[in-house]
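Below is one structure; the comments refer to it alone.
The values are calculated or read from the model by the stated rules, or taken from the named source; none is laboratory data. None of these values were measured; they are calculated from a predicted model. Note: ideal-geometry Cβ built from the backbone for every residue, glycine included; neighbour counts use all protein chains shown.
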Amino acid sequence: MKITVIGLGYIGLPTAILLAKYGHKVTGVDLSPWMTTQLNAGLIHIEEPGLEQDLEEVLLLGNFCASTQPISADAYIIAVPTPNKADQYQSCDTSYIEAALMSILPYVKANDTIIVESTIAPRTMVDVVQPMVEKNGFRVGEDIFLAHCPERVLPGNIMHELIHNPRIIGGITDACTEKAAAVYGTFVKGEMIKAQAGEAELSKLMENTYRDVNIALANELAKISDHLGIDALRVIEMANKHPRVNVHQPGPGVGGHCLAVDPYFVIAAAPEQSPLMQTARAVNNSMPAYVVQQVQILMAEREGNQVTLFGLTYKGNIDDVRESPAMEIRDRLDEAGFEVRVFDPHVAELPLTGEEACEGSSLILVLSDHDEFRNIPTSYTDRMRDATILDTKNIVQSVGTKVNYVNYGNLYKAKKAQQVAGVQG
Ligand code: SAJ
C-alpha cells in the first residue's frame, strides 16, 4: 500500500517508520525542511528507543522517504498537533488538522482512506473533517473513507506499543471502519476495536482524563498527608495492596502533550457536565506553586540561595519538555529570587554536568524520574553548600550518608526539623 503520513512528530514519525518496516511505501510529510533532510540522512530529532535503527532499515529498504510535500497515496494518516485554544475552556484547536487536510485533498482520489490519529475533541470527525472532504465532491462511506484511530502509546516504549496495544478504529460509517482496519491490520498485533468515530474520539480523551483525575487524587493526598503529618507514600503503598485500588503517584504536576491537554477538550465540549475533571486539572496545575512553596520553606534557614533542578522533562527517560511542570517551577523559583541551575542528561540544550550543577547549591530538587537519578553520587552532593534533596518523584534510591533526603513521605518531618532549627537558631 502507498501511505502518506502528515506530521512527523512523536507519533507520526514512529508510525510512518513502522508502516515502512511492514512493507508499505511511505512518504512522511512535515513542514520543516531541516527535519525532512535529517530524516532522509538517517537522523532522528526525538529520543525514542529503537527508532533510529528502524529508520536506517527502512531507508535501506527504500520504503520510507521524508518530504515537505504530500504525494498521492492509497491511505493518508494525519498526525499533527491539536493544541488547546486560548478560549475560556481551552478547547481543541483543529487548525493544523484542517491545514493537513487541505494539503492532501488535491491528491485524494476515489476509494482512498483518510485517518486522523491526532487527538481530537468529540464530534470533530463529523463536524469538521467530513464537511471539508464532502466539499471536494466525495461521499463519505461510499467513495471516500474517514476514520479516527487514536494512538495510546507511551513515550519511551512507542515502537513496541504501536504494534502490541489494542487499537481503536473509529469510522464515520462501518465501511470506513473496515477500510481503516485494513491499514492497521498490516502491523497491529493487539486487538482491533471497531467503533464509531465519536466513541473513538471520546474514549481516547477519557483514558487520559482518567489518569489525570487519578494523579490529581494522589497530589491531593500528598497535600492532605503533609497537613496531617502522615507519610503519603506509605499510605499509597498500603492502599494499593487492596486488589481493586490503584492510587497513582504524586509529583511536581502533570505535563506532556496528553494529560495536560486532553481533558480540556472534553471540558470545553461539555463544561456544565464536567466539574470533577475541571477540579482535577486545577489540582494538578497547582502543584508547581506548591513545590516552590515547599522549597521556600526548606531553604528559609539555609545558607546560600542556589537550587539545582534534577530533570526538566515532563517525565523520566525522555527528552520531551512539552507542558513540563519543571519549566514552570524553574520560572517560579527564578522569580522568587533563587539562583537556579538545571541538570538534565536527557536534554541536549542543558550542558551542565551533575557536578557543575550541584557546585555551591543548597538543595537538589528532583522533578523528573530519569534512571540517572536513582543513585545520587557523593561527587555531586560533596560540592553542595548544604546537601539536601527534595525528591518530588520518589525516584532516588541511594544517596551519600551526609545527605538529608526528603520526599512526599517525610516532607512534613523535614519542615518540622527546619522550624525547630529556626527557633533554636
Ligand atoms: N504522572 C504522575 N503520577 C503518576 C503517573 C504520571 O504525576 O502516577 C505524571 C508524569 O510525571 C507526567 C504526566 O503525569 O508529567 C503524564 O505522564 P504519563 O506517563 O501518565 O503519560 P504520557 O502523557 O506520557 O502518555 C499518556 C498515556 N496515557 C495513559 O496512560 C492513559 C499514553 O498511553 C497515551 O498514548 C499518551 O498519553 C497520549 O499520547 O495520549
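Could you figure out which of (1) more than 19 Å from Gln293 (Cα to Cα); (2) in contact with a Leu (Cβ under 8 Å, 6 or more places away or on another chain) isn't true of Asn317? Checking Asn317 against (1) more than 19 Å from Gln293 (Cα to Cα); (2) in contact with a Leu (Cβ under 8 Å, 6 or more places away or on another chain), the one that fails is (2). Each residue in the stretch 359-408 was checked for being surrounded by 17 or more Cβ atoms within 10 Å (Cβ to Cβ), over 29 Å from the mean Cα position of the chain (by Cα) and among the small types (Gly, Ala, Ser), and 3 of them qualify.
Restricting Thr119, Thr113 to residues that are within 16 Å of the ligand (Cβ to nearest atom) and polar (S, T, N, Q) narrows the list to Thr119. Return a yes/no flag: does the stretch 226-233 have any residue that is within 15 Å of the ligand (Cβ to nearest atom), buried (at least 22 other Cβ atoms within 10 Å of the Cβ) and farther than 30 Å from Arg139 by Cβ. Yes, the stretch 226-233 has at least one match. Among the residues examined, Thr279 qualifies as of a type in the set (S, T, N, Q) and either under 30 Å from Asp127 (Cα atoms) or within 16 Å of the ligand (Cβ to nearest atom) (or both).
Applying the condition of being among the hydrophobic types (A, V, I, L, M, F, W, C) and over 22 Å from Ile236 (Cα atoms) to the stretch 409-425 and asking which residue is surrounded by the fewest Cβ atoms within 10 Å (Cβ to Cβ) yields Val423.
The lone criterion from (1) within 16 Å of the ligand (Cβ to nearest atom); (2) assigned to a loop (DSSP other than H, G, I, E, B); (3) touching a residue at least 60 places away in the same chain (Cβ under 8 Å) left unmet by Asn246 is number (3). Only residues that are away from the ligand (no atom under 16 Å from the Cβ), without any contact (Cβ under 8 Å) to a residue 40 or more places away in the chain and closer than 18 Å to Pro155 by Cα were counted across the stretch 1-34, and they come to 0. Has the stretch 61-82 got any residue that is in a helix (DSSP H, G or I) and under 19 Å from His24 (Cβ atoms)? There is at least one residue in the stretch 61-82 that is in a helix (DSSP H, G or I) and under 19 Å from His24 (Cβ atoms). Filtering the stretch 319-337 to residues that are within 16 Å of the ligand (Cβ to nearest atom) and either closer than 15 Å to Ala260 by Cβ or small (Gly, Ala, Ser) (or both) leaves Asp320, Val321, Arg322, Glu323, Ser324, Pro325, Ala326, Met327, Glu328, Ile329.
Tell me, which residue of the stretch 312-353 that is under 25 Å from Gly9 (Cα atoms) and assigned to a helix (DSSP H, G or I) is nearest to the chain's Cα centre (by Cα)? Here the residue is Pro325.
Only residues that are surrounded by 14 or more Cβ atoms within 10 Å (Cβ to Cβ) and out of contact with any helix residue (DSSP H, G or I) (no Cβ under 9 Å at 6 or more places or on another chain) were counted across the stretch 270-295, and they come to 0. Number of residues in the stretch 253-263 that are more than 6 Å from the ligand (Cβ to nearest atom), crowded, with 24+ Cβ neighbours inside 10 Å and not charged (D, E, K, R): the value is 2.
Quick check on Leu228: is it in the same structural domain as Glu98 (by TED's automatic domain parsing) and either out of contact with any helix residue (DSSP H, G or I) (no Cβ under 6 Å at 6 or more places or on another chain) or within 21 Å of Gly9 (Cβ to Cβ) (or both)? For Leu228, the condition - in the same structural domain as Glu98 (by TED's automatic domain parsing) and either out of contact with any helix residue (DSSP H, G or I) (no Cβ under 6 Å at 6 or more places or on another chain) or within 21 Å of Gly9 (Cβ to Cβ) (or both) - is not met. Of all residues in the stretch 341-358, those satisfying the criterion of being buried (at least 16 other Cβ atoms within 10 Å of the Cβ) and more than 19 Å from Glu323 (Cβ to Cβ) are Arg341, Phe343, Pro345, Gly354, Ala357, Cys358.
Under the condition of being of a type in the set (S, T, N, Q), crowded, with 16+ Cβ neighbours inside 10 Å and over 18 Å from Ile120 (Cα atoms), the residues counted in the stretch 174-200 number 0.
Against the list (1) touching a helix residue (DSSP H, G or I) at 6+ places or on another chain (Cβ under 7 Å); (2) part of a strand (DSSP E or B), the condition Tyr89 fails is (2).
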